[in-house]
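Take a look at the structure below.
The values are calculated or read from the model by the stated rules, or taken from the named source; none is laboratory data. Source: prediction; values computed, not measured. Here the Cβ positions follow ideal geometry from the backbone for every residue, glycine too, while neighbour counts run over all protein chains shown. The accessibility values were calculated without ligands, DNA or RNA, using every heavy atom of the protein model including side chains. Shrake-Rupley method; radii C 1.70, N 1.55, O 1.52, S 1.80 Å.
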Amino acid sequence: MSSDFYKASILPFSGIIIKLCRAYTNSQQDFEDYYQEVCLQIWRSKDNFREELQWSTWVYRISLNVCLTLLKKKKNNVQYFVSDSITVEETEDNYAFSDESLNLLYDAIRKLSEIDRAIIMLYLEEKSQKEIAEIIGTNPNNIGVRVKRIKNRLKKILDGKIN
Amino acid sequence: MERSIESIWKEGFLKSDALVAPKINNLYNQKSIHIIDKFKRMFKINLIAIIAFSCIFLIVSFFVGIPITGIMFFVSLSVLVFINKQLLNGLDKIDKGASSYQYLKSFNEWIKKQIAINIKISRFLYPIIFISMVFGFWFKDAEGMPLGERLVGEILVGFPDIYLVFGIPLIGIVIALFILVLLAYFGGRIYKWDLNLVYGRVFKKLEEMMTDIESLRN
């Protein structure tokens, strides 16, 4: 991968890639692996990019697909691993953010289902319902309702933990 | 919870410096080690399977009355396993600390060497297996005499003027030689076909990775 491609086509979207990768991992090591794999896959599939999509949508879609694939692989490899059981204590220290509230929010997001995680991440990145639906491949009409439900679930998880 | 999820998200990232992308390096290190480890595991299992098969066949051959086939099978497959075990030891010498590209390249060279040696062996192995089958059945006891001699006797009843060489019909020798030549000629191809059947997917992955790394280097 040329550094030009990385600088021009990946780095501007690294924020969301980082956030997505963090939502699907629970250690610094995994996070770095996921990030590298996402970048590699974006580079590998650049020739398949379809003009009718925006590059950002393409990047988000690939990032999401890679994260979901890696998560599935990991689950298959370690059958006893249950994502719902991830707690704040299990998160590696150097993996945590300096903002405690953000850490708690991330931990709450990690307790959601794989698709709900994707939806809320894209919502928090202020993507439109249409764009979220386009990235995930669903109907835009359902996104609004789903976001509301996810937010309620997150609030319940976070209730009392964040002031 | 007083603060909204949206504000926690926004403010959290404003405060933290967590959005620095990790360095992209050693992209293929884990992958290349993983793929080679997988090959090694498959290769070892394959060798163990050959040993187990030749042992079982050796025992069965005594019960069935074709011990010559069993012994020849056992000896030739043992030689094959021994040579391949030596080759496998060479694979362990490849430096895992080298860059992915170097590691894959060394592995690729090892594979090529291994295939070249096994192609040569196959040119002898398949004919030997055929000869062992012929000898085994020829000398199989058939009511007090070797099956081969018995068969020749029966052929002579139907075709009394058939030409014999050392008591064996010439036509039979010609057919056997023809099969031997064919097996020696196509031995390498049969081995390659067999190899692709077992390791085809691993080789394909390896090739894709090499191509990827080469284009990444450009």
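Structure values in brief
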| quantity | calculated |
| --- | --- |
| Residue B:37 accessible area, 1.4 Å probe, all protein chains in place, Å² to nearest 10 | 50 |
| Projected label distance in nm at residue B:44 and residue B:130, using a 7 Å step from Cα toward the beta-carbon | 3.6 |
| Estimated vicinal HN-Hα couplings, Hz - the stretch A:51-65 in sequence order (Karplus 6.51, -1.76, 1.60; Gly, Pro = x) | 4, 5, 9, 7, 4, 4, 4, 4, 4, 4, 5, 5, 4, 5, 4 |
| Cα gyration tensor shape of chain B, rounded if a/c is under 1.5, else prolate or oblate by comparing a/b with b/c | prolate |
| Mean-position separation - Cα centroids, the stretch A:1-68 and the stretch B:145-218, in angstrom | 51 |
| Average Cα contact separation per residue, the stretch B:116-218, under 8 Å, 6 or more apart, as relative contact order % | 37 |
| Residue pairs, from the table A:148/B:10; A:75/A:156; A:72/B:15, whose Cα atoms sit over 23 Å apart | A:75/A:156; A:72/B:15 |
| Difference of contour (0.36 nm per residue) and Cα-Cα distance, residue B:177 to residue B:120 | 18.6 nm |
| Diffusion constant of the protein assembly as shown at 4 °C, which comes from Stokes-Einstein with the Kirkwood Cα-pair radius and 1.567 mPa s, µm²/s | 49 |
| FRET efficiency, residue B:37 to residue B:190 (Cβ-Cβ, R0 25 Å, nearest 0.05) | 0.35 |
| For peptides B:164-176, A:17-29, sequence by mean Cβ density within 10 Å, most packed first | A:17-29, B:164-176 |
| Calculated [θ] (222 nm, deg cm²/dmol) that DSSP helices of n ≥ 4 give over chain B, each run adding -39,500 (n - 2.57) | -28500 deg cm²/dmol |
| Modelled FRET efficiency - R0 30 Å, residue A:45 with residue B:198, Cβ distances, 0.05 increments | 0.50 |
| Modelled FRET efficiency - R0 35 Å, residue B:101 with residue A:8, Cβ distances, 0.05 increments | 0.90 |
| 14 Å cut-off, amide nitrogen to a point 7 angstrom out along residue B:108 Cα→Cβ, residues in the stretch B:181-216 | B:203-216 |
